[in-house]
Amino acid sequence: MSGTSAAAPPRNRLARAARDPAALSLAVTVSLFIAMALSGGFAYQGFFAPQVFLNLLIDNAFLLVVATGMTFVILTGGIDLSVGAVVAFTTVLLASLVEHHGWHPLGAMALALMAGTVFGASMGLMIQRYRLPPFVVTLAGMFLARGAATLVSVDSIGMNNGFQMALAGLRIPVGSASLSVGAVTALVVVVSAIVLARSTQFGRTVYAIGGNEQSAVLMGLPVASTIVRVYALSGFCAALAGVLYTVYMLSGYSLHATGLELDAIAAVVIGGTLLSGGSGHVVGTLFGVLVLGLIQTLIAFDGTLSSWWTRIVIGVLLLLFCLLQRLLVRRR
Amino acid sequence: MRRLFAHPLAWPLAALALLLLANGLFNPGFLALQVRDGHLYGNLIDIANRAAPLALVSMGMTLVIAVRGLDISVGAVLAIAATVAAWTITHLEAGGSAHGLLPLFAAIGAALGIAALCGLWNGLLVARAGMQPIVATLILMVAGRGLAQLISDGQILTIYYAPYAFIGRGFLLGLPFALFVVAFVFVALKLLLDRTALGLFVRAIGDNPAAARLAGVRAGAIMPALYLFCGLSAGMAGLLVSSNVASADANNAGQLLELDAILAVSLGGTALTGGRFSLAGTLIGALIIQTLSTTIYSTGLPPQVNLVAKALLVVVVLLLQAPRFRQQMLSLLRPRPRSPA
């Protein structure tokens, strides 16, 4: 992505894009999304309504936010398995503070976001300072957050706070259709993440660490603090997703969002980010989430397929995209 | 004394003994064993029996981790194996061909066969397609429960066939049969690893894959075999679990098992970075985890404390394994040499 391409003929630029595994993988994901949408439109009546597509964003807003945070972690070559548990903890914390302790939702949300960020940062510290495998540290974090959630409340807490209900019911019109507050928040997160990844020192350091951590250190980049900040960012995104989830479900429950970390990782991989780090785009993750959402929508529209087909199809897609990545990396 | 504590099994054993001792102090009946109907009963037997599925899976996981791998699909494979076993039995019974022990052996064969296939699939993705282990096994972890639900049609399958209950609830020579399964697998593995060159190859691949390849170790054949065994051990655990509760739940059987297994392996002193492994340590690790759960249940604390306790345990064990943390702690303990003023 250097500035020299300005004078080069466009054909050259295209050739370069074709050699960039992330760009090629992104192209595959976008084509897959379009192909799935088209086939859905031909097969089922009423599929092409704008609201069907906006619902993808509404129903997967929290996944989109989590997956965006996860993208940064994976770009550094790490992984964060605690996100689903942090989402669950946030929903329980919010619901408990608002319903049982009389907090204003906004205050509770601010506290939850801080808690998620601090939690992520402390995991990042352990990973960075003591060279512990990210997989195991965030696994422990997952146990801890789920356990903490059940300690706050074992039972599901329903929410009927006026402010929260109003937030859940609010719809922002987009043409003839409408978006929820959660979906708009998720889109804002994605746009900020794109800016963060492309045009800040933090973003470039993230890519450099994923490419080669030692070289990044030798280049004088702030590797240590960036790794901690990446996990803090993922923790923040998970807490924000928890806030959105609470608004979406109007309840707090320690068993909410089980397995969400797998969906988030799947979305990132299908979006074309290499799991070994250093290569990928936040936009890809957006399309990864949309593809996952579309699978569910297609299965719902079909009506005869059982829900477990979702998992199987996601597994197959994951396999295909991993094999594709291997091919692309090998060719390079 | 110093040499005693230098032994790799000393710390895990000390932890287990401490846990049991604490239990015995606070609850005098805890360590008691009694013979009832010719069977040995007591908390200790109960802990060992309940730890059996985890012990089996953890042994498979140990070998995979020893070659710098990881298998996070074990929970899903357990669910698949349990479902296949239950499905085989219900279909043979419905077909009227339930003569004697035929359904039992058919179920065991089918479940273990499928589980081994799952393991082989993981192994081929890692060793031949060159995927990262966590990614390769993630695929089966995501799709596996879907496949299990496909087989069971989304239902919890109940097993009414009596002989099947022996695997998970039967007694042999006064002891639970599950313990014999674990012991058999442990001894067989031990013989295979110590009496043949396999143990050496596994350590070589884990220590330095490149050097092992140059030395002519065929990692391309050994690694799939280890993953296959890991799948097989998850399948055996699936038989134990489904037989014990006389049903197979595709959605919840073996939930979070992969985490417990990794915890047991690291508690036992196996390095998560590969090369150094201890099967006996893993068994002790599995026992520690089960003792911890039993302790929490018997003290009347809410069972949810279990998750938090396990998480803190992992963190402590990990930090103790980290060289930099040990240095920091040692320098805190030792008085610093006074700098010249």
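The values are calculated or read from the model by the stated rules, or taken from the named source; none is laboratory data. Computed from a predicted model, the values in this text were never measured in an experiment. In this analysis, Cβ positions are derived from the backbone assuming ideal geometry, glycine residues included, and neighbour counts consider all displayed protein chains.
Yes/no per residue for (1) out of contact with any Lys or Arg (no Cβ under 6 Å at 6 or more places or on another chain); (2) modelled with pLDDT of 90 or more:
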| residue | (1), (2) |
| --- | --- |
| A:Ser178 | no, no |
| A:Ala186 | yes, yes |
| A:Ile194 | yes, yes |
| A:Val206 | yes, yes |
| A:Leu221 | yes, no |
| A:Val230 | yes, yes |
| A:Gly235 | yes, yes |
| A:Val243 | yes, yes |
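Listed here are the helices (runs of 4 or more DSSP H) enclosed by the stretch A:125-224 that have at least 1 residues being within 23 Å of the chain's Cα centre (by Cα): A:134-152, A:162-169, A:181-199, A:201-211. Annotation note: Cβ proximity below 9 Å between a residue of the stretch B:28-50 that is closer than 14 Å to B:Leu287 by Cβ and a residue that is aromatic (Phe, Trp, Tyr) (sequence gap 6+ or interchain) occurs for B:Asn43/B:Phe30; B:Leu44/B:Phe30.
Table: residues versus (1) modelled with pLDDT of 95 or more; (2) crowded, with 22+ Cβ neighbours inside 10 Å; (3) within 14 Å of chain B (Cβ to nearest Cβ).
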residue	(1), (2), (3)
A:Ile74	no, yes, yes
A:Ile79	no, yes, yes
A:Leu94	no, yes, no
A:His101	no, no, no
A:His104	no, no, no
A:Leu144	no, yes, yes
A:Ala148	no, yes, yes
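Residue count for the stretch B:154-191 satisfying the condition of being more than 30 Å from B:Phe277 (Cα to Cα), of a type in the set (A, V, I, L, M, F, W, C) and part of a helix (DSSP H, G or I): 3. Considering every residue within the stretch B:112-120, establish whether at least one is at pLDDT 85 or above, farther than 30 Å from A:Ala267 by Cβ and exposed (fewer than 15 other Cβ atoms within 10 Å of the Cβ). Looking through the stretch B:112-120, at least one residue is at pLDDT 85 or above, farther than 30 Å from A:Ala267 by Cβ and exposed (fewer than 15 other Cβ atoms within 10 Å of the Cβ). Annotation note: of A:Phe321, A:Phe287, A:Phe301, the sole residue that is surrounded by 20 or more Cβ atoms within 10 Å (Cβ to Cβ), in a helix (DSSP H, G or I), in contact (Cβ under 8 Å) with a residue 12 or more places away in the chain and away from chain B (no Cβ under 11 Å) is A:Phe287.
The residue pairs whose first member lies in the stretch B:252-263 and is surrounded by fewer than 24 Cβ atoms within 10 Å (Cβ to Cβ), whose second member is among the small types (Gly, Ala, Ser), and whose beta carbons are closer than 7 Å, counting only pairs six or more residues apart or on different chains, are B:Gln255/B:Gly75; B:Leu256/B:Gly75.
Whether any residue in the stretch B:110-122 is under 21 Å from B:Val57 (Cα atoms), under 22 Å from the mean Cα position of the chain (by Cα) and within 11 Å of chain A (Cβ to nearest Cβ) is what I want to check. Yes: the stretch B:110-122 contains one or more residues that are under 21 Å from B:Val57 (Cα atoms), under 22 Å from the mean Cα position of the chain (by Cα) and within 11 Å of chain A (Cβ to nearest Cβ).
In the set B:Ser233, B:Ser242, only one residue is touching a Phe, Trp or Tyr at 6+ places or on another chain (Cβ under 9 Å), in a helix (DSSP H, G or I), away from every other protein chain (no Cβ under 14 Å) and crowded, with 22+ Cβ neighbours inside 10 Å; that residue is B:Ser242. Screening the candidates B:Gly168, B:Gly206, B:Gly144 for the property of being crowded, with 22+ Cβ neighbours inside 10 Å, within 22 Å of the chain's Cα centre (by Cα), in contact (Cβ under 8 Å) with a residue 60 or more places away in the chain and more than 14 Å from chain A (Cβ to nearest Cβ) yields one hit, B:Gly206. Taking first residues from the stretch B:307-325 that are more than 7 Å from chain A (Cβ to nearest Cβ) and partners that are crowded, with 19+ Cβ neighbours inside 10 Å and of a type outside the set (A, V, I, L, M), the Cβ contacts under 6 Å between residues at least 6 apart in sequence or on separate chains come to B:Val317/B:Ser266.
Based on what the data block shows, is A:Leu111 aliphatic (A, V, I, L, M) and either surrounded by fewer than 19 Cβ atoms within 10 Å (Cβ to Cβ) or within 18 Å of the chain's Cα centre (by Cα) (or both)? Spelling it out, A:Leu111 is indeed aliphatic (A, V, I, L, M) and either surrounded by fewer than 19 Cβ atoms within 10 Å (Cβ to Cβ) or within 18 Å of the chain's Cα centre (by Cα) (or both).
The residues in the stretch B:279-301 that are in a loop (DSSP other than H, G, I, E, B) and touching a Leu at 6+ places or on another chain (Cβ under 7 Å) can be counted, and the count is 0. Residue count for the stretch B:98-149 satisfying the condition of being in contact with a Leu (Cβ under 8 Å, 6 or more places away or on another chain) and of a type in the set (Phe, Trp, Tyr): 1. Among the residues of the stretch B:97-150, those that are assigned to a loop (DSSP other than H, G, I, E, B) and within 19 Å of B:Ile65 (Cβ to Cβ) comprise B:Gly130, B:Met131, B:Gln132. Can you confirm whether the stretch B:82-91 contains a residue that is within 16 Å of B:Leu228 (Cβ to Cβ), in a helix (DSSP H, G or I), within 14 Å of chain A (Cβ to nearest Cβ) and of a type in the set (Ser, Thr, Tyr)? So far as the stretch B:82-91 goes, no, none of its residues is within 16 Å of B:Leu228 (Cβ to Cβ), in a helix (DSSP H, G or I), within 14 Å of chain A (Cβ to nearest Cβ) and of a type in the set (Ser, Thr, Tyr).
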